[in-house]
Amino acid sequence: MTTEEIAKFEESLLALRDQLSHEIKDVIQGAEMGEGEDAGDTETDESEERGIVQAEAIALKDRLHRVLDALERVKAGTYGTCELCGGAIERAILEIDPESRACMACKAKK
């Protein structure tokens, strides 16, 4: 992969990092603002809603962690290298999943 291609992926990862950070903040703020709105809600409904919000926040934080890890690999010069076999991660994979850590063949083995 060329330096220019890596720079484009880095730019994409930085934008994704910012987007995920905002989404996490929005989910957390939305959950905090929603507390106590409807006195008629049952405890079960509130508990279910909190569970959904927590699951969403966890998923977003997990993806953010993968993006930050990919940015570290860019800095280290290992971005685009499969962590399992050491081969190159296909450009098509990185375009779909820029934080990918594995090539197509290794993903298929999982």
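Scanning the range 101-110 for residues being closer than 18 Å to Phe9 by Cβ and in contact with a Gly (Cβ under 9 Å, 6 or more places away or on another chain) gives a total of 1.
Restricted to the range 77-110, and to residues there that are assigned to a loop (DSSP other than H, G, I, E, B) and basic (Lys, Arg), the residue that is modelled with the lowest pLDDT is Lys110. I'd like the full set of residues that are out of contact with any Ser or Thr (no Cβ under 6 Å at 6 or more places or on another chain), over 16 Å from Ser12 (Cα atoms) and of a type in the set (Val, Ile, Thr), limited to the range 79-100. The answer is Thr81, and nothing else.
Tell me, yes or no, whether the range 71-85 has at least one residue that is without any contact (Cβ under 8 Å) to a residue 40 or more places away in the chain and within 17 Å of the chain's Cα centre (by Cα). Yes, the range 71-85 has at least one match.
Determine, yes or no, whether Lys107 is of a type in the set (D, E, K, R) and touching a residue at least 24 places away in the same chain (Cβ under 8 Å). Spell out how you get there, then give the answer.
Values: of a type in the set (D, E, K, R): yes; touching a residue at least 24 places away in the same chain (Cβ under 8 Å): no.
No: the conditions fail for Lys107.
The values are calculated or read from the model by the stated rules, or taken from the named source; none is laboratory data. Note that the structure is predicted; figures quoted are calculated from it, not measured. Counting neighbours? That spans all protein chains shown, and the Cβs are built from the backbone with ideal geometry, glycine included.
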